[in-house]
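Before any comments, here is the structure.
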Amino acid sequence: MVRARLRCERGFGLIELLMAMTMLNIGILALVAAFNSGAFALRRSGMASTASALADQQMELYRLNKYTAILLDTTAEATARTDTTYNCDTALSGCSGGLTQYTATCTALTGETGSPPPRCNPSRVLIGPDRHRYRIDAYIVTQYPTGSGSSRQNKLVTVVVRDGNNTATVLARESSTFDAATGT
């Protein structure tokens, strides 16, 4: 009688079904996690790509102008300096350095809108084509060519694009040097 009970296979089908369902659930959850991770990576790379395009667009605003028009508005720059994120960027040598920027009263050129216009605005927030918020910070500091012994100054323009919802996250950074000899 005991042997008959031991040889009885009733209920084993149910146990096998439960084991198969458990293994299937583990596989499905792994796939869902992979899709979620992929979606996050695509979103992040899309934001970085958009930020890079916005940095290029901002830098082109400076490249289109004469050397004397490459500046930040004095009033807007003073306001931006009160923001710790703006003021502590490496473009200004961090919080302790505080390099002096090239500022003046900015007047709008033909076709420019806004007060101050985007090329003179040190910090602005906009909605990108992907409908995310981006913050564009511009820095213009004076520098002198190294090893030249010259007193001729250049302008180092740095554009930093940050996540508009988390300004601690830098998505793109672009720098360019402008020489007075290339245009007045």
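Could you please find all residues in the range 66-83 being without any contact (Cβ under 8 Å) to a residue 60 or more places away in the chain and either part of a strand (DSSP E or B) or under 25 Å from L171 (Cβ atoms) (or both)?
D73, A76, E77, T79, A80, R81, T82, D83
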Of (1) modelled with pLDDT of 85 or more; (2) over 23 Å from T167 (Cα atoms); (3) among the aromatic types (F, W, Y), Y86 satisfies every one except (2)
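Looking only at the range 84-118, count every residue that is part of a helix (DSSP H, G or I), among the hydrophobic types (A, V, I, L, M, F, W, C) and either surrounded by fewer than 17 Cβ atoms within 10 Å (Cβ to Cβ) or touching a helix residue (DSSP H, G or I) at 6+ places or on another chain (Cβ under 7 Å) (or both) and tell me the total.
Going through the range 84-118 one residue at a time, the tally reaches 1.
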Could you check, for the range 100-112, whether at least one of its residues is within 28 Å of G46 (Cβ to Cβ), out of contact with any Lys or Arg (no Cβ under 7 Å at 6 or more places or on another chain) and among the polar types (S, T, N, Q)?
no
Can you name the residue in the range 28-52 that is touching a residue at least 24 places away in the same chain (Cβ under 8 Å) and not β-branched (V, I, T) and, of all such residues, is surrounded by the most Cβ atoms within 10 Å (Cβ to Cβ)?
A51
Among the residues of the range 126-133, is there at least one that is in a strand (DSSP E or B), in contact with a strand residue (DSSP E or B) (Cβ under 8 Å, 6 or more places away or on another chain) and not hydrophobic (A, V, I, L, M, F, W, C)?
yes
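The rows are residues; the columns are (1) over 20 Å from the mean Cα position of the chain (by Cα); (2) over 30 Å from T103 (Cα atoms); (3) modelled with pLDDT under 95; (4) not in a helix (DSSP H, G or I).
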site	(1), (2), (3), (4)
M19	yes, yes, yes, no
L29	yes, yes, yes, no
A41	no, yes, yes, no
L61	no, no, yes, no
Output the residues belonging to the range 119-164 that are charged (D, E, K, R) and surrounded by fewer than 16 Cβ atoms within 10 Å (Cβ to Cβ).
D130, R131, R133, R152
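The values are calculated or read from the model by the stated rules, or taken from the named source; none is laboratory data. Note that this is a predicted model, so its numbers are computed, not measured. Using ideal geometry, Cβ is built from the backbone for each residue, glycine included, and neighbour counts are taken over all protein chains shown.
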